[in-house]
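Worksheet: one structure, shown below.
No value in this document is a laboratory result; all are computed from the given coordinates. For clarity, every value in this text was computed on a predicted model and none was experimentally measured. With ideal geometry, Cβ positions are generated from the backbone for all residues, glycine too; neighbour counts draw on all protein chains shown.
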Amino acid sequence: MNYREARKIARRAEHSFGLPGDATLRFIQDKLEMQRGRPITVDELPGLSGSELCGVWLICADRDIVLHAPAKSSWHRQQIILHEFSHMILRHDLEVSSEELVTAFLPDLGVDVLRALGRSSYTDDSEVTAEALADQLATRIINSAVGSLPEPLAFRRVFG
């Protein structure tokens, strides 16, 4: 799948998800929790290097867990989380199951994990589509934040 096709799928998914104009990361998480009927825990896992694996979504019997590598900035952290949320929006949990991922990267995790999703390839169709959707969601959040910030020196009035 090429990036153009992935963006088309991502646009349809974003539209179906039904975000308001003032989307936030918290709003997206709350909406996913409501849709999935279960809580989502998001936490940093210092053991993830960020080179092999930046984030992972663990699907447990009673909740979803998103773990991310230590991020260089709040924007990078948000992008990793949005990528995992995008897998949820795209319903990739119905397509993939990987016990090897859990045992390889999280051997001491004391949680009963049913399935796990983590980036194994940058060319995999589900990864490309999830990243395209994460990009769109990030743009939506940035545009929401821009609209709520005070306008320095009446920039829009001067420049239109």
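Can you give me the long-range amide H partners of residue 54? Hydrogens built in the peptide plane at 1.01 Å from N, cutoff under 5 Å, separation of 5 or more residues or another chain.
When sequence neighbours closer than 5 places are left aside, the close amide H contacts are 119.
Residue by residue through region 26-35, what is 3J(HN,Hα) from phi via Karplus (6.51 cos²θ - 1.76 cosθ + 1.60, θ = phi - 60°)? Round to whole Hz and write x for glycine and proline.
4, 4, 4, 4, 4, 5, 5, 4, 5, 5
Starting from the 7 Å offset along Cα-to-Cβ, what nm value, one decimal, do you get for the label separation of residue 24 and residue 44?
2.1
What is the extension gain from residue 63 to residue 12, computed as 0.36 nm multiplied by their sequence separation minus the C-alpha to C-alpha distance, in nm to one decimal?
Details: separation 51, 0.36 × 51 = 18.36 nm, distance 2.60 nm.
Fully extending the segment from residue 63 to residue 12 adds 15.8 nm.
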